[in-house]
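Heads up: the structure comes next, in structure tokens.
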Amino acid sequence: MNTTILRKSVLGIAGLAFAGGLAAGPLNHATTDTVDARPVAAVQADKAAGVDAGKLIPHGVQGAQSRIDLDPEQTANVKAIIAATKKTGLDERAAVISIGTALQESKLENLGHLGDRNDHDSLGLFQQRPSSGWGSPEQITDPQYATTAFLKGLRQVDGWQDMALTDAAQTVQVSAYPDAYAQWEQQAADLVTQHWNNS
């Protein structure tokens with residue numbers, strides 16, 4: 001076979017392959033597929049828990065976020081809040097608001113009377129006051145009762161589902177520090193993701 005003809009044939013085939021490759025290959029890489037940029041473990045945890053991450057923090061967090069390490073008692077209180085939330089028929093967002101509120105009010109510790117450090121007669125996870133009609137001291141130091149009482153107040157807030165956590169919490173709690181709840185939204189959402197299906 002003539003080497004000139006062979007060379008022209010090879011170059012022609014290579015040119016067709018190159019042109020075909022451009023038309024069918026790399027030029028079509030501009031797809032709009034979205035990829036979850038979170039670590040694989042976080043994505044798998046959401047799927048395993050069956051928690052709708054979009055419901056947890058529908059508007060994103062506000063401001064700098066705080067985080068604390070929880071001991072077994074605090075974790076038990078998280079589970080009690082989630083169980084009470086489910087029992088009242090409310091969803092994951094209500095649990096995030098409740099846990100975020102309790103993180104700010106008590107760091108998820110079921111506080112008794114603190115003596116001189118007490119804010120009036122505030123008690124329990126949500127620092128509810130017997131004198132304000134939240135219940136007896138025994139009731140509001142019961143995590144299930146306290147959560148149910150908080151959620152009853154939350155349900156009376158029009159549009160709470162669409163509010164920022166700090167606004168929903170403040171409407172129920174009427175705190176002297178209304179913006180302080182915002183810092184706990186991410187940890188509250190993480191705790192709901194972690195414990196929703198085993199509480």
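The values are calculated or read from the model by the stated rules, or taken from the named source; none is laboratory data. Small disclaimer: the values here were computed from a predicted structure and weren't measured. All Cβ positions, glycine included, derive from the backbone under ideal geometry; neighbour counts span all protein chains shown. Ligands, DNA and RNA are stripped out before the accessible areas are found, and what is left, the full protein with its side chains, is counted by its heavy atoms. Shrake-Rupley method; radii C 1.70, N 1.55, O 1.52, S 1.80 Å.
Taking amide H atoms as placed 1.01 Å from N in the peptide plane, list the residues 5 or more away in sequence, or in a different chain, whose amide H sits under 5 Å from that of Asp91.
Amide H neighbours of Asp91: none.
Evaluate segment 107-199: find the radius of gyration of its Cα atoms, find its Kirkwood radius, and give the ratio Rg to Rh.
When Rh is taken as the Kirkwood radius, the ratio is 0.96.
Accessible area of segment 125-199 with a 1.4 Å probe: how many percent of it is carbon plus sulfur?
46 percent
Using only alpha carbons, build the gyration tensor for segment 148-198 and give me the equivalent ellipsoid semi-axes, biggest first, whole Å.
Working through the eigenvalues yields semi-axes of 20, 15, 10 Å.
Beta carbons within 10 angstrom, averaged per residue: use that to sort the peptides 157-168, 60-71, highest first.
157-168, 60-71
Which value, in Å², gives the accessible area per residue of segment 88-189 when a 1.4 Å probe is used on the protein heavy atoms?
43 Å²
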